[in-house]
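> My questions all concern the structure below.
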Amino acid sequence: MRAQLMLLDRDPGVVALACRPVELVWRKNGGRVVGHAPQLMARLKNGSGLLVDCVGRSGPSARLAGRARIVTAAAEAAGWCYRFAEPPDPVLVANVRWLAGYRHPRHGAGPWLPRLMAAFGNPRPAVEAVRELGDPIAVWPAVFHALWSGVLRVRLNEPLHERVTVSVARQEAQAA
């Protein structure tokens, strides 16, 4: 669940997150009361919501699959979505966990942003641009923050290293 929470935190379409924010309660045939609290909720930029239950590689249990029909209907009635999230790729999780360490604004690209955008205007190995830009102690955190926030992009399903190819994210390239 932590990995899914971290991935949602990085998603630019998500503006707020909560763990088990709501419990749905209903009566089954026969009158027995049943409840379910989805593990995560994301509030999306468009104002809607996303309820998420994390499942293992083998998918949801029969019990959860049965409850999912009710949760899906309730979510849709509220204008939200509901989905299962399987465990993400371990390399992706390791990379995003690393970048999450640089999400705090103190690492923000700030004055580095125009220079980062120019340096990575054409895809290139990260270390080449960092060396070109100046003091690596100051530049690397700005690069990692820009990768976390989506200003710069890298293939997160491959291990991060100093020679990884980095480029300006498409949305930034179009906005420039």
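> Working only within segment 93-132, note down all residues that are crowded, with 19+ Cβ neighbours inside 10 Å and of a type in the set (A, V, I, L, M, F, W, C).
The answer is Val96, Leu99, Ala109, Trp112, Leu116, Ala119, Phe120, Ala126, Ala129, Val130.
> When you scan segment 144-154, do you find a residue that is without any contact (Cβ under 8 Å) to a residue 60 or more places away in the chain, of a type outside the set (Asp, Glu), in a loop (DSSP other than H, G, I, E, B) and buried (at least 18 other Cβ atoms within 10 Å of the Cβ), even just one?
Yes: segment 144-154 contains one or more residues that are without any contact (Cβ under 8 Å) to a residue 60 or more places away in the chain, of a type outside the set (Asp, Glu), in a loop (DSSP other than H, G, I, E, B) and buried (at least 18 other Cβ atoms within 10 Å of the Cβ).
> Looking at this structure, is Gly121 over 30 Å from Met1 (Cβ atoms) and either touching a residue at least 60 places away in the same chain (Cβ under 8 Å) or not in a helix (DSSP H, G or I) (or both)?
Here the answer is yes, as Gly121 does meet what is asked.
> Moving on to the next point. Conditions first: (1) surrounded by fewer than 17 Cβ atoms within 10 Å (Cβ to Cβ); (2) over 30 Å from Trp148 (Cα atoms). Ala68 passes all but one, so which condition is the exception?
All conditions are met except number (1).
> Take segment 1-25 and flag every residue that is farther than 16 Å from Arg83 by Cβ, in contact with a Gly (Cβ under 8 Å, 6 or more places away or on another chain) and touching a residue at least 40 places away in the same chain (Cβ under 8 Å).
Across segment 1-25, the qualifying residues are Arg10, Pro12.
> For segment 71-92, name all the residues that are surrounded by 15 or more Cβ atoms within 10 Å (Cβ to Cβ), out of contact with any strand residue (DSSP E or B) (no Cβ under 7 Å at 6 or more places or on another chain) and in a helix (DSSP H, G or I).
If the condition is that a residue be surrounded by 15 or more Cβ atoms within 10 Å (Cβ to Cβ), out of contact with any strand residue (DSSP E or B) (no Cβ under 7 Å at 6 or more places or on another chain) and in a helix (DSSP H, G or I), then Leu92 is the only one that fits.
> Assuming Leu99 fulfils every condition listed in (1) closer than 30 Å to Trp140 by Cβ; (2) modelled with pLDDT of 95 or more; (3) not in a helix (DSSP H, G or I) apart from one, which condition is it?
(3)
For every residue, the table says whether it meets (1) over 17 Å from Tyr102 (Cα atoms); (2) of a type in the set (A, V, I, L, M, F, W, C).
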site	(1), (2)
Ala118	yes, yes
Pro125	yes, no
Glu128	yes, no
Arg131	yes, no
Ala146	no, yes
Gly150	no, no
Leu156	no, yes
His161	no, no
Thr165	yes, no
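> Here is a list of conditions, (1) at pLDDT 95 or above; (2) outside any loop (DSSP other than H, G, I, E, B); (3) under 28 Å from Ala146 (Cβ atoms); (4) not β-branched (Val, Ile, Thr), and Asn46 meets all of them except one; can you say which number that is?
Single failed check for Asn46: (2).
> Now, a different point. Could you tell me whether any residue of segment 124-136 is part of a helix (DSSP H, G or I) and β-branched (Val, Ile, Thr)?
Yes, there is a match, as at least one residue in segment 124-136 is part of a helix (DSSP H, G or I) and β-branched (Val, Ile, Thr).
The values are calculated or read from the model by the stated rules, or taken from the named source; none is laboratory data. If you're wondering where the values come from, they're calculated on a predicted model, not measured in any experiment. A quick note on method: Cβ atoms are made from the backbone with ideal geometry, for glycine too, and the neighbour counts reach across all protein chains shown.
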